[in-house]
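Asks: Submitted below is the structure of interest, expressed as C-alpha cells.
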Amino acid sequence: MLKHLASLALASALVLFAAGTASASGLLLDPSEPEGNAACLECHSQPQTMVRDGKTISVHVDPEAYNNSVHGIISCSRCHAEAGPEHAADPTKPLGLPTGRALRVLKSEGCVKCHAGLYPASYNESFHGIAVKNGDERAATCVDCHGVHDIQPSRVETSSVAPANLPNTCGTAECHPGAPENFAVGKEHFVVAERESGGLHIVYKFFMGLILFDTMKDGPIVMFELLRRLTHK
C-alpha cells in the first residue's frame, strides 16, 4: 500500500513539474488533435495559387513539412479560425484576410494564444516588437523569424532559428543584409526586469538606480528654478 502511494505521489510530482516547466517557459501545450487536417491538406497540398487584392499568392502547404513541425500535432483551425464551415462549403469564397506584411502581423498576434508569458512579453520589449507596435513596415514578426508551416525548435539543425542558421535568417535583403556570423549570438527571448536575463538584469538595475539617483539629485534644482521664475516675474 505504501509503495503504491509513493508511486502515485511521484507521478503527481512529475506532472506538476512538467506543468510548471511549460508555464515558466511561456508555452501552453495544446492537447487538441489535428482532426480535419486531411480535409485541409486535400486542397492545400496542391501547388495552387489564388488572387487576393490583385496579388497572386500561393496557398500551398507541404504536408510532410507540416506534420514534422512542432505544430504538426494540432489542428489547422487552431491557427486558421477564419477557415470555418463556410470555407469548407465554398473554398473560393474570400476569407477577408489581408496580404503580405499585414497578414504576417495578424498571424503573429495569434501566436500568443498558445505561447503566452515570456515570449510575447520579451518580444514586446524588443526592438522588433516596439517597431512593429509603432507601425514600422520592416521590423520582424514571429513568422518572419520562426517560419510558418515548417517551424522547428531551435535545437533542430534545420530550424530557421538554430544558432547556425540565424545569420541567414536575419541577413535577408528585407531585414539585415550582410549580417555577420556572430550577428545574432546570444539569448533572444528575455525580459530585462527578470533575474533570468543574467548580466542584462544587472545592467538594467544599475541604470534604473542611476536614473533614480539623478532624478533625486537634480530634480529639486529644476523645481526650485521653476518656482523662482514664477515668483520673480
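The values are calculated or read from the model by the stated rules, or taken from the named source; none is laboratory data. No experiment lies behind these values; they were computed from the predicted model shown. Note that each Cβ is placed from the backbone with ideal geometry, even for glycine, and that neighbours are counted across all protein chains shown. Accessible surface is based on the protein model in full, side chains and every heavy atom, while ligands, DNA and RNA are left aside. Shrake-Rupley method; radii C 1.70, N 1.55, O 1.52, S 1.80 Å.
Asks: Residues that are more than 25 Å from the chain's Cα centre (by Cα) and at pLDDT 70 or above: find the helices (runs of 4 or more DSSP H) completely inside segment 1-97 holding 3 or more of those.
Replies: Correct list: 37-44, 85-89.
Asks: Next up: Name the residues in segment 155-206 that are open to solvent by less than 90 Å² (accessible area, probe 1.4 Å), assigned to a helix (DSSP H, G or I) and closer than 20 Å to Val143 by Cβ, would you?
Replies: Leu166, Pro167, Thr169, Cys170
Asks: Another question, if that's okay. Would you confirm whether any residue within segment 110-129 is acidic (Asp, Glu), modelled with pLDDT of 90 or more, surrounded by 12 or more Cβ atoms within 10 Å (Cβ to Cβ) and part of a helix (DSSP H, G or I)? Can you show your working first?
Replies: Narrowing segment 110-129 to residues acidic (Asp, Glu): 125.
Now restrict to residues that are modelled with pLDDT of 90 or more: none.
The answer is no; no qualifying residue exists.
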